[in-house]
1. In region 72-83, how many are surrounded by 12 or more Cβ atoms within 10 Å (Cβ to Cβ) and over 12 Å from residue 110 (Cβ atoms)?
């Protein structure tokens, strides 16, 4: 009698590796689908970063060069000196009337009538996008908690 209780049927032992394999395949499939969905956004962000670190001649080169040689911060300096980006940052934090311009307006001010300068435009877009991205990464748990709490009926 005690022998029947102590030994488990062999089918249980055989199904454990299958369940582990199925769980692993599901997890791998999930992360593969996440990578496929997110990769276009990551590639666009990396291309903007590449454009912001190159001079205009390299930005217009054919075939396109992804990694700048040499990398330059000239576009960032140009965006901050010609467009008073610090004031736009402050205006985005404290909006006080019609006369203030926020960060999206700063990106629009980078555009010129003579020529579309891709380097400064990409630098301004990176400057505007980076704080939002960093803030989202730091508070992602609170965002998910708020979304799930709001989706529960009766909470």
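1. Residues that pass the stated criteria total 3.
One line per residue, one yes/no per condition, for (1) modelled with pLDDT under 75; (2) over 30 Å from residue 60 (Cβ atoms); (3) surrounded by 12 or more Cβ atoms within 10 Å (Cβ to Cβ):
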residue	(1), (2), (3)
92	yes, yes, yes
97	yes, yes, no
103	yes, no, yes
107	yes, no, yes
111	yes, no, yes
115	yes, no, no
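The values are calculated or read from the model by the stated rules, or taken from the named source; none is laboratory data. Remember, predicted model here, so these are calculated numbers, not experimental data. All Cβ positions, even for glycine, are placed from backbone atoms using ideal geometry, and neighbour counts span all protein chains on display.
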